[in-house]
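The values are calculated or read from the model by the stated rules, or taken from the named source; none is laboratory data. In this text the structure is predicted, and so the values were computed from the model without any measurement. Backbone-built Cβ (ideal geometry, glycine too); neighbour counts: all protein chains shown.
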Amino acid sequence: MNRIEVLVRQTQDAYGWTDKLINSIPQTQWDNVPDIVESSVSWQTGHLVVSLYFHSIMAMVGHQMDLLHKLPLRDYDSLFTNGHPKKAVGKVRPEQLRNHLTLMQQRSIAVIGDLAESELKVHCRQPKYRIPLPKINLKPLTGI
């Protein structure tokens, strides 16, 4: 396998685990926002839809007009990026979020699969300032 194929496979595996987790929760519970977590499955799924579009699609190949016409990404951005999960309750049906997540996952895989090997080479500039790292004692603890 070349690096693109490995990246596609790893991304498919990650999406598979995401789907397995999301699908294990009944959609009737997707809008529950427990106080301790202050989030919901609906909010997390919507956040993934927005994140996949911006970070895995648009950042690589630019805006995709067909997706912008199919999905209410502007609404999703306000609900699922900076919006509080309680304000998103009941705004989007779980089936719609699930379908839109699947659509983003499929497009993301297609975008990654269409990359050229040379596009994986990114030249990162060195930071201007060195960030100090904490000194970690790796010796085993004694006396416990």
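Odds and ends about this structure:
- Set SER39, SER56: member being of a type outside the set (Asp, Glu), without any contact (Cβ under 8 Å) to a residue 60 or more places away in the chain and within 25 Å of ALA110 (Cβ to Cβ): SER56
- In region 96-144, the residue that is modelled with the highest pLDDT out of those that are farther than 18 Å from LEU52 by Cβ and touching a helix residue (DSSP H, G or I) at 6+ places or on another chain (Cβ under 7 Å) is GLU117.
- Scanning region 1-34 for residues that are out of contact with any Asp or Glu (no Cβ under 9 Å at 6 or more places or on another chain), among the polar types (S, T, N, Q) and part of a loop (DSSP other than H, G, I, E, B) returns SER24, ASN32.
- Filter result for LEU68 (at negative phi, of a type in the set (A, V, I, L, M), assigned to a helix (DSSP H, G or I) and surrounded by fewer than 17 Cβ atoms within 10 Å (Cβ to Cβ)): yes
- Failed condition for THR81, given (1) closer than 18 Å to GLU38 by Cα; (2) under 17 Å from the mean Cα position of the chain (by Cα); (3) surrounded by 15 or more Cβ atoms within 10 Å (Cβ to Cβ): (3)
- Leading residue by the ranking (modelled with the highest pLDDT) among those in region 83-95 that are more than 25 Å from MET65 (Cβ to Cβ) and part of a helix (DSSP H, G or I): PRO94
- Some residue of region 41-53 being within 24 Å of GLU117 (Cα to Cα) and of a type in the set (A, V, I, L, M, F, W, C): yes
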